[in-house]
1. Go through Lys53/Lys115; Lys20/Lys115; Lys53/Lys120; Lys13/Lys72 and tell me which ones have a Cα-Cα distance over 26 Å in this structure.
2. Collect residues whose amide H, placed 1.01 Å from N in the peptide plane, falls under 5 Å from the amide H of Leu31; neighbours closer than 5 in sequence don't count.
3. Cβ under 14 Å from Ile33's Cβ, Ile33 left aside: what net charge do those residues give with Lys, Arg +1 and Asp, Glu -1?
Amino acid sequence: MHEYSTTLAIVEKVIDEAHKRNAKRVICVELKIGKLTLLSVEQVKFCFEAISKGTMLEGCELVIEQTPPVFKCQSCGRIENSINIDTLLYDHTAPSIPSFVCPACGNRLEIVGGKECIIKGMRIVV
């Protein structure tokens, strides 16, 4: 379950930043998580609540923005950001390497978004 280790790192970073700002409590944490991270938002919320117990984050609001995958065609330059990754065609010439093909020209798509896991911000009480 990589949600636990990822969430633990997030909690540790938020606490570290809150201490740098002489915070007494953190009342809100905002995250941006790409769908291609394969992190379950519900699991992150569950882990966040469990890990934050007894810390300055206990009871704080967790806001998660989940971002869609964004692909760019290496040939025609087409940007795709509204495609369901389950409906994309796979390039079967290299079956051991997952890659996606452009619906416009049939060439390889590069992943340019949707892999992020970012702490966007936090609200603190000083």
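Here, each number is a calculation from the coordinates, and none is a lab measurement. Predicted, not measured: the structure shown is a model, and the values here were computed from it. Reconstructed Cβ throughout: ideal geometry from the backbone, glycine too, with neighbour counts over all protein chains shown.
1. Pairs exceeding 26 Å: Lys53/Lys115; Lys20/Lys115; Lys13/Lys72.
2. Long-range HN contacts for Leu31: Val63, Ile64, Glu65, Lys120.
3. Charge balance near Ile33 sits at 0.
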